[in-house]
Amino acid sequence: MRDGLTAGSAKLAFTENVPLIAKEPIPHRKLIRSWLEPMSRKNTVWAIFLLAFDMSLWTGSIFLTVHVENFLLKILFGLIAGFVTGRLFILGHDACHQSFTPHRALNKFLGRLAFLPSLTPYSLWDVGHNIVHHGQTNLKGFDFVWAPLSKAEYDALPPLRKKLEQVYRSGFGPAVYYFLEIWWKRLFFPSKKFKPANRSVYLKDNLLISGFAILWMVALALAANSTGQSVWIALFAGFIVPTVFWNAMIGFVVYVHHTHADVAWYDKKSEWIRAQPFVSTTVHLKFDYYLGSLLHHIMEHTAHHVDMGVPLYNLKAAQSRLEERMPNRIIVQKFSWHWYFEAARICKLYDFENKAWLDFSGKKMAASAPVELSA
């Protein structure tokens, strides 16, 4: 509490344009969201332009994987298509949050369209991401995205599953992790164990992406035949390369959003609630060379978790507002490959009782930063 302020006047001070001081508790999420209200306005014309632009980039890149002759150029355009797939996914992610345009039905349509190149079933992503991940971020047993194992859980794994966990947490495993643990298990015709319910829309969305994948591969094969090229090379450069790159990209992005030596995980809901997880469990990763802008500002991730209604084209301003109002409360990390692989070295397993990251032998590697709990 600010020196000399009563509880009531301190609460009023939170609404002023004054940063929190060092020992002041983090205010309630509802109050923090009120700071971002000016950034929550949506622009339908701009949203449709962004989607049309990225769809044109994706289509053009796929076209060039067939219509350039040099094999290395084919691979290059396949990689570009994979990157643009990630950009399209971010637009679909916004639409799935109903923050892309002000129109709910339009968001559903645009979201499904934007999710096609990543072969993401809209309705299943909606449940797993909006309800599970955003509803219980970094709460073990609920949020399954890059949830760390405890030492006891790891020790109980069979040998092959231990090896797979080591791959996931090596820094080189995001593509494998996302493909197996998220897309294959939970999104693409999930089994009864992983399917949230028996709803017809889940099947319809999976049939939609399956049909798109078939059309995509058939189009590549026909284009290769018509130009006298190898169908297998066309499928490799125009389908496999973009898909693998996309899986690596999304696996990496969701890893760095919530894995950091200072980020805590929780296995007790009461403790998790008190820790203001919407602020304390996310990382704002800063890039050079405008890469953050090329990723549609999704790396301004604290603002997104505080208020999912802020559209991606306003996230940069929203993140700046949060960091101005809550200095030293938000984890801001400048990206480097050294930092990334150091984080992968440190963040293998997690001691939920003592809030510490462990290596696979159980050695303590880092203690998660203490969080000033909300009042």
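General remarks:
- Most positive-pole-ward Cα, L36, F341, I131, against dipole of the chain from beta carbon charges: I131
- Square roots of 5 times each gyration tensor eigenvalue, C-alpha, the stretch 90-167, largest first, Å: 33, 14, 8
- Take every Cα pair under 8 Å whose residues are at least 6 apart in sequence, average their separation, divide by the length of the chain, and the relative contact order is 24 percent.
- For the stretch 254-375, relative contact order (Cα pairs under 8 Å, six or more residues apart, normalised by length) works out to 31 percent.
- The stretch 121-217: mean projected area of Cα convex hull, nm²: 7.5
- Note on the stretch 264-375: the alpha carbon radius of gyration divided by the globular reference 2.2 N^0.38 Å gives 1.16.
- Whole-Hz Karplus values for the stretch 122-129 come out as 4, 5, 6, 5, 4, 5, x, 8 Hz, taken residue by residue from phi with 6.51 cos²θ - 1.76 cosθ + 1.60 and θ = phi - 60°; glycine and proline positions read x.
- A dipole drawn for the chain from +1 and -1 charges on Cβ atoms has a positive end, and of S270, L164, M365 the residue lying farthest that way is S270.
- For the residue pairs K204/K348; K108/K163; K162/K268; K140/K193; K193/K269, the C-alpha atoms sit more than 29 angstrom apart in K204/K348; K108/K163.
- Here the spin labels are modelled as points 7 Å beyond Cα on the Cα-Cβ line, and at L222 and S191 they lie 3.7 nm apart.
- Residue-by-residue Karplus 3J(HN,Hα) for the stretch 307-320, coefficients 6.51, -1.76, 1.60, Hz, glycine and proline x: 9, 5, x, 6, x, 4, 6, 10, 5, 4, 5, 5, 5, 4
- When +1 charges are put on Lys and Arg Cβ atoms and -1 charges on Asp and Glu Cβ atoms, the dipole computed for the stretch 195-318 relative to its Cα centre reaches about 340 debye.
- Of D94, D126, D155, the order by accessible heavy-atom surface (1.4 Å probe, DNA, RNA and ligands excluded), from most exposed downward, is D155, D126, D94.
- Within the chain, percent of DSSP bridges classed antiparallel, to nearest 5: 55
- Cα-based reach from K334 at 17 Å (exclusive), listing lysines while leaving out same-chain residues under 8 positions away: K286, K316
- In terms of overall dimensions, the stretch 213-296 has a Cα radius of gyration and Dmax of 20.8, 64 angstrom.
- Each stretch of four or more DSSP H residues adds -39500 (n - 2.57); spread over every residue of the chain, this sum gives -15000 deg cm²/dmol at 222 nm.
- Cα gyration tensor shape for the stretch 190-253, rounded if a/c is under 1.5, else prolate or oblate: oblate
- Here the stretch 69-212 is assigned +1 on the Cβ of each Lys and Arg and -1 on the Cβ of each Asp and Glu. Its dipole about the Cα centre then comes out at about 360 debye.
- HN-Hα J in Hz across the stretch 35-49 - Karplus 6.51, -1.76, 1.60, θ = phi - 60°, x for Gly and Pro: 5, 9, 3, x, 8, 8, 6, 10, 10, 5, 4, 5, 4, 5, 4
- Just checking the listed ones, S320, S226, S123: in the Gaussian network model of the chain with Cα springs under 10 Å, the one fluctuating most is S226.
- Using only alpha carbons, the chain has a radius of gyration to Kirkwood radius ratio (Rg to Rh) of 0.99.
- Charge dipole of the stretch 197-347 about the Cα centre (unit charges at C-beta), most positive-ward option of A317, V306, L235: V306
- For the stretch 145-272, diffusion coefficient by Stokes-Einstein and Kirkwood Rh (Cα), 25 °C, 0.890 mPa s, µm²/s: 139
- In a reduced charge model with +1 at each Lys and Arg Cβ and -1 at each Asp and Glu Cβ, the chain shows a dipole moment near 740 debye about its Cα centre.
- Within a Gaussian network of the chain (alpha carbon springs, distance under 10 Å), most fluctuating of Y122, Y177, Y289: Y289
The values are calculated or read from the model by the stated rules, or taken from the named source; none is laboratory data. From a predicted model like this one, the values you see are computed outputs, not experimental measurements. Cβ coordinates were reconstructed from backbone atoms using ideal geometry, including for glycine residues, and neighbour counts include every protein chain displayed. Note: accessible area is taken over every heavy atom of the protein model, side chains too, but ligands, DNA and RNA are not part of it. Shrake-Rupley method; radii C 1.70, N 1.55, O 1.52, S 1.80 Å.
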